[in-house]
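Data block below; observations after.
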Amino acid sequence: MPADAPFIALNRKERLVPVQLDGTELMLPEGENLAASLLAAGVRSFRETPVSGAPRAPFCMMGACFDCLVEIDGIQRQACMLSVAEGMVIARLKGTTHG
Ligand code: FES
């Protein structure tokens, strides 16, 4: 976790597993909420809007706003609705380039 991360992981007993975020390996706690784990790892932007390209990050953490939308293993999913699993391949959605 970066020193400037505004989020602190409360449960440090979880096993850390590797995931890929835009080709960079991160070690995240297995079974923990994916959006919260990415925020705690220092990830600030999860996607860019298709219209303006503005960066977005998790807001509601309950599946309503879609600001945590990422592509996981080729499928667009809400990170706040998922748990960390070993080997996840996560890609941030970039502006108008996603479908
Ligand atoms: S943070 Fe709002 S849907 Fe995930």
Quiz item: Stretched out fully, how many nm does the piece from ALA54 to GLU30 gain, at 0.36 nm a residue minus the Cα gap?
Solution: 5.6 nm
Self-check item: Modelled FRET efficiency - R0 30 Å, GLN76 with VAL17, Cβ distances, 0.05 increments
Solution: 0.85
Quiz item: With every protein chain left in place, what is the accessible area of PHE7 in Å² (1.4 Å probe, nearest 10)?
Solution: 90
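Want the number for SER45 to MET62: 0.36 nm per residue separation, take away the alpha-carbon distance, what's left?
Working: separation 17, 0.36 × 17 = 6.12 nm, distance 1.75 nm.
Full extension from SER45 to MET62 adds 4.4 nm.
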Quiz item: Counting only the heavy atoms of the protein chains, how much of GLU32 is accessible to a 1.4 Å probe, in Å² to the nearest 10?
Solution: 60
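First select every other residue whose beta carbon is under 12 angstrom from the beta carbon of VAL84; then total the charges, Lys and Arg +1, Asp and Glu -1. Each step should come with its number before you reach the end.
Numbers: positive: ARG15; negative: GLU14, GLU30, GLU32, GLU86.
So the environment of VAL84 carries a net charge of -3.
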Self-check item: Karplus-derived 3J(HN,Hα), 6.51/-1.76/1.60, for each residue of segment 15-24, Hz, glycine and proline x
Solution: 6, 7, 10, x, 10, 10, 10, 6, x, 9
Exercise. Kindly give the semi-axes, whole Å and largest first, of the ellipsoid equivalent to the chain, taking each as the square root of 5 times a Cα gyration tensor eigenvalue.
Key: 22, 14, 12
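The values are calculated or read from the model by the stated rules, or taken from the named source; none is laboratory data. Note that the coordinates shown come from a computational prediction; the quantities given were computed from them, not determined experimentally. Please note: Cβ atoms are built from the backbone with ideal geometry, for glycine as well, and neighbour counts cover all protein chains shown. Accessible surface is based on the protein model in full, side chains and every heavy atom, while ligands, DNA and RNA are left aside. Shrake-Rupley method; radii C 1.70, N 1.55, O 1.52, S 1.80 Å.
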